[in-house]
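Engineer: Can you keep this structure in mind? I'll have questions shortly.
The values are calculated or read from the model by the stated rules, or taken from the named source; none is laboratory data. Here the structure is a predicted model, which is why all the values come from computation and not from measurement. All Cβ positions, even for glycine, are placed from backbone atoms using ideal geometry, and neighbour counts span all protein chains on display.
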Amino acid sequence: MLSIEEIKLLIEKLEKVKKEDLQELIDFNLKLLKDIAVAVDINNKEIINRLDKTPSWFLKDLEAKKKLPSVSSAVARQVQSKIFQFARTNIYHSLEIGPGNGMFSMDFRTWKSNFFLDVLEDRGPVIRKLFNPRHHKYLKFYTTRNTDCSNIPQGSCNLVFSWDTFVFFTQQHIQQYLHDIKRVLIPGGYGFIQYADCHHDVDLGNAQRGYWNYNTKTAMEKMLTDEGYKVVEMNMFTTGASYAIFKKPGKQNPIVYRVDEITLD
């Protein structure tokens, strides 16, 4: 039996390959699939649009990742190389959403201050241990219940970063986050975020077993453009490591990101 994720992927593919000579067949199958998807959505809403994970779930997940990291050293180095491209100024702040155990948190030391936003209230002590005590005054921690980042100063950050976090969010949650962080970014500020791209089997498998939430590159790009961002780069370091780099309109940011060509595994 097709999963709802596979049904939605098939709908997306059929919508992309419309040809005049196949129009009638495609339209019929599209209608059938959409009717099925709607029916399944109605009857299994809690399964399809899986609820955002709770703070206790995230804490257990982080404990498991201490023993078995989910990000390989090769991918971590590639992520860091991207972060460093944004690190050529110290007049603005950075924001990391969902720092977790702090895998990338120290890579923001060159910014004026480092803001961290998480649903867990205990991330401050965890992240501070990674830094020299003299740097602690530049670290600021905020707790969110959903997507709220209203405590972070408006127009203060030229980079918002998140890895291994947005893959767990529903599309509705992601859309709201993208909307909320616009307030935090300066004009011309960038976002660099990992997301689930269920066009690929690894991501789709994670969504089907309920670990990640369903998302695709097509849907992510639409959410970004709907929120008024310019999509700068959408690529992946390897399967299961898809990312989007996007920019808020404006010219206040002295950093101009240059797209790199990435060799996929």
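Engineer: Only residues that are at pLDDT 70 or above, in a loop (DSSP other than H, G, I, E, B) and either touching a strand residue (DSSP E or B) at 6+ places or on another chain (Cβ under 7 Å) or of a type in the set (D, E, K, R) (or both): list them for region 34-81, please.
Structural biologist: Within region 34-81, Asp52, Lys53 qualify.
Engineer: If you scan region 189-203, which residues turn out to be closer than 15 Å to Leu95 by Cα and either surrounded by fewer than 18 Cβ atoms within 10 Å (Cβ to Cβ) or small (Gly, Ala, Ser) (or both)?
Structural biologist: Gly189, Gly191
Engineer: Which is farther than 23 Å from Ala76 by Cβ, touching a Gly at 6+ places or on another chain (Cβ under 8 Å) and of a type outside the set (Lys, Arg), of Gly210, Gly228, Gly250?
Structural biologist: Numbers: Gly210 fails: touching a Gly at 6+ places or on another chain (Cβ under 8 Å); Gly228 fails: touching a Gly at 6+ places or on another chain (Cβ under 8 Å).
After ruling out the rest, the residue left standing is Gly250.
Engineer: Is there a residue in region 190-207 that is free of Cβ contacts under 8 Å to residues at least 40 places away in the same chain, touching a Gly at 6+ places or on another chain (Cβ under 7 Å) and over 19 Å from Asp107 (Cβ atoms)?
Structural biologist: yes
Engineer: Next question. State all residues of region 230-259 that are without any contact (Cβ under 8 Å) to a residue 60 or more places away in the chain, surrounded by fewer than 22 Cβ atoms within 10 Å (Cβ to Cβ), under 16 Å from the mean Cα position of the chain (by Cα) and in a loop (DSSP other than H, G, I, E, B); if no residue qualifies, say none.
Structural biologist: Across region 230-259, the qualifying residue is only Thr239.
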